[in-house]
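Here is the structure we will look at, set down as C-alpha cells.
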Amino acid sequence: GLSATACHCRLPLYCTSCVIPRSSSAIMIMAPLSQIQSLRHTARAALSRSRRPLLTSSSSPSPSPVHLLTDHDGVAVRTRHQKRPLSTSSIRGTRPLYALPNKFVTGTTPEQVAESQAVRDWYASNFEQWEDDPDKIIVGEEKEEEEDEAAAAAEEEDSPSIISLPEHLTKRNIRPLVAYLRESGKEEGTRNCRRLRNPGVNDPNFPLTPGILHGSDPTKNIVSVDHSSKVLIKTPWFEIQRELDRYHYGVNGSFENRVYALTVFPSDEAHLDHHRGRQPKDRTTYKVDDVNMTITAISPPPLPTPPPRTPVEGMENILVIPADLQMHPVMHAPFCLNFVRYHPNKPIKIRIQYVNEEESPALKRGGFLAPVNRFVECLVEDGAPIPECIELECTGLRQKDVVRRERLIVPEGVTIHPRVPDDFLIGTVFGGKGGGNLGLGDEDAEGEGGEEK
C-alpha cells in the first residue's frame, strides 16, 4: 500500500496535479496501489475541466464559480465549489486557455468557433466534451500583452542606450556596434587583457574583448602609416557574440566580411545597464492571500537608469570591417577582435551563394559543387547597399563542369575588383558513385546506348 493525503477535492490520494498545503490536520490513510491510480486519474480529469474556460456563447449557462487554493510555493491552484468566490479582477497577467478545434476538424480555428454559434452547436453535438481534453489546448493571446509589448518597444526607441543609425546607413545594410577605449598602460599587455576578458566576481566590469582599430580612410584624411591612426579599444563580449550567432565566421561565415558602424565611448562609461536586453523578462511577482482567496500582482521596480554616455569626438558611426578574429581553443569564445576602417570603393570580400540548384541536372541527382573559392573580391559604390552575398547561377550545370566568374549575378552598384581574373575559378561539379550519366541529357544517353549496341 501507499500513504496518501486527503486533499480539498475530497479524494484520498497524493496527486501531483492537486497540491495543497500540508498541515497537522491532514488525514493519512493506507490504500492499494490500483485504487490510488484510479483516484489520481479521476482527480486529474476533474482539475483539467476546472482549469479551462469553455468556448460557449452568452446564452449558455454560466459555469460554476472557480475558487483558489495555493501550494507550498504560493502557486495558485483553482478548484470548484468552494465557499468563497474568487475575484477575477484580482488576477492579472494570466492568459486564457482554449481548446484547439483543429485537432478534431482540420482547418477550424478558435476564432471561427468563438464567432459562429452554428459551429459551436455542431461541435457540441458531434464531439461531446471536446474542450475538456488536456492534450488539445492552446494558449490564447490577450490584447493587453500586445499593448504592453508595443509600449515597451516605444520606450526602447526613446532610450538613450539604444544605438540608432541614420537612415542612409540602414539602407546600406550596415548594423551598429559599440566599443570602448582602452586606457593606455592599465589595459595593455597579457595580464591586463586577461582581466578584461574574465573579470573577477567582485569586479564591476563585464567581459570585454580587447582589440585595435586601424586602417586608412581617405575621406577623413587618416593614413595607416600614422601612429595616431591605431586606437586601442575593447568590445563587449555579447556584442560580438550576437553578430557571430547571426552571421557566423570561418569558411562559410560572413561576419568578417560585413561592414559595421562602430561607435566608441570613453573607457569610464562602460556600464552593463547600457547593454541589457531590449525585451527583459517579466519580473512581476504575485502575493497570494489564503484568507481572502485572492492574488495580487506586484509590479517590479523600474530598471536602473544607466548613466549618460557621450561618444568620443570624431568616433561615432565609423564604418569598419571586423578582422583578425581569434577564438579561445577550448571555450570557443572571442579572444581578440580588431577592426579595419572602411570607405567607399575599398575592396571587400563577399560570400558566394548558390541559387537554382534544382535546375541543374547534376546537382539535383546527387551531384555537388566542390568549391575552390567561397568569396569574391568586390567594390561597392558610395550609397549602394552592401549585399550579403553574390549569387551563383547553377542552372544547367552538368557533371565535371568547371564553374567560373561568368556565372556570378552581380547586383547593381557592385562591381568585381579588376584584379579578379576573368577565368576566376569557383569550383567543379562532381557526382556520386556510379553517377556516370549525371551530366548527360536523355537524348545523349539514348545515343550512347545505341552506339554501344
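The values are calculated or read from the model by the stated rules, or taken from the named source; none is laboratory data. Quick caveat: nothing in here was measured; it's all calculated off a predicted structure. Cβ atoms come from the backbone with ideal geometry, glycine included; neighbour counts cover every protein chain shown. Surface accessibility is based on the protein's heavy atoms, side chains included, excluding ligands, DNA and RNA. Shrake-Rupley method; radii C 1.70, N 1.55, O 1.52, S 1.80 Å.
For segment 328-339, the tally of residues that are open to solvent by 30 Å² or more (accessible area, probe 1.4 Å) and in contact (Cβ under 8 Å) with a residue 40 or more places away in the chain stands at 1. Restricting the first member to segment 217-229 and to residues that are farther than 16 Å from ASN345 by Cβ, and the second to residues that are open to solvent by 100 Å² or more (accessible area, probe 1.4 Å) and modelled with pLDDT under 90, no beta-carbon pair is closer than 7 Å while six or more apart or on different chains. Among the residues of segment 230-247, how many are basic (Lys, Arg) and in contact (Cβ under 8 Å) with a residue 24 or more places away in the chain? Residues in segment 230-247 being basic (Lys, Arg) and in contact (Cβ under 8 Å) with a residue 24 or more places away in the chain: 1 in total. No other residue among GLY250, GLY215 is at pLDDT below 90, within 24 Å of ARG172 (Cα to Cα) and among the small types (Gly, Ala, Ser) apart from GLY250.
Scanning segment 442-451 turns up no residue that is modelled with pLDDT of 55 or more and open to solvent by less than 30 Å² (accessible area, probe 1.4 Å).
Would you check if there is a residue in segment 309-324 being touching a Pro at 6+ places or on another chain (Cβ under 7 Å), part of a loop (DSSP other than H, G, I, E, B) and surrounded by fewer than 15 Cβ atoms within 10 Å (Cβ to Cβ)? No. When residues in segment 355-389 are screened for being buried (at least 19 other Cβ atoms within 10 Å of the Cβ) and assigned to a strand (DSSP E or B), 4 of them pass.
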